[in-house]
Structure formats: C-alpha cells, structure tokens
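Have a look at the structure below before the remarks.
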Amino acid sequence: MDLDGAIRAALSALEPEKLDLEDESALHAGHPGARSGGHYRLTIVSRRFAGLDRVQRHRLVYDALKSLMSGKIHALAVTARTPDEL
C-alpha cells in the first residue's frame, strides 16, 4: 500500500464523511525535512469532531496517524470540521 492509501486507511478510524488529502511534497523539494517524509494538506469532515475544539480535533488526527508520523510524514496541515460546519 502506498503512503496515500496508508494515511486514508489510518484515518478511516475517525469515520470521515469527507477526506481530501493533497501531497504537497514536490513544493518542498530541497527542504531539509523533505528527506525524512512527505508534506501533506488534509481536510477531514467527521461527526467524531462534534463538541471538540481545534486542538482536540488535531490530536485525534495525529493519534490516528501516529505510526506514520515518524519518518513517513514530515509535515501535515489539518483542517478538521464536523458536517454541520460545512
């Protein structure tokens, strides 16, 4: 499974209703951290975020991706919303 698929599989635990994942690694070519993992932009919509503040939502995302954050993902920009916030 490629990294994109691994990220999507890990995030399935959050039961996303929408998940947009952009690989922005090419934009960071030459950046020292780019050698240690990819750069991604994530927009995820899930009912699991209801009642949580921004930091709590991001913690859920990072916890789901914990095994990929050391070495596979160098940077992750997260937008996490509930369906009611669209």
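The values are calculated or read from the model by the stated rules, or taken from the named source; none is laboratory data. Here the structure is a predicted model, which means the values were calculated and not measured. Here the Cβ is made from the backbone with ideal geometry for all residues, glycine too, and neighbour counts use every protein chain on show.
Restricting to the stretch 60-85, what's the tally of residues that are more than 11 Å from S46 (Cβ to Cβ), surrounded by 12 or more Cβ atoms within 10 Å (Cβ to Cβ) and not β-branched (V, I, T)?
So the answer is 9.
What is the one condition in (1) under 17 Å from G5 (Cα atoms); (2) within 14 Å of the chain's Cα centre (by Cα); (3) outside any helix (DSSP H, G or I); (4) of a type outside the set (S, T, Y) that A77 does not satisfy?
Of (1) under 17 Å from G5 (Cα atoms); (2) within 14 Å of the chain's Cα centre (by Cα); (3) outside any helix (DSSP H, G or I); (4) of a type outside the set (S, T, Y), only one is false for A77: (1).
Does the stretch 43-64 hold any residues that are more than 17 Å from I7 (Cβ to Cβ), assigned to a helix (DSSP H, G or I) and among the charged types (D, E, K, R), and which are they?
Passing the criteria: R47, R54.
For E24, indicate whether it is modelled with pLDDT of 95 or more and out of contact with any Ser or Thr (no Cβ under 6 Å at 6 or more places or on another chain).
Spelling it out, it is not the case that E24 is modelled with pLDDT of 95 or more and out of contact with any Ser or Thr (no Cβ under 6 Å at 6 or more places or on another chain).
Tell me yes or no: at least one residue of the stretch 33-53 is acidic (D, E), modelled with pLDDT of 95 or more and surrounded by 13 or more Cβ atoms within 10 Å (Cβ to Cβ).
no
Tell me, which residue of the stretch 68-85 that is touching a helix residue (DSSP H, G or I) at 6+ places or on another chain (Cβ under 7 Å) and of a type outside the set (A, V, I, L, M, F, W, C) is nearest to D20 (Cα to Cα)?
In this case the residue turns out to be R81.
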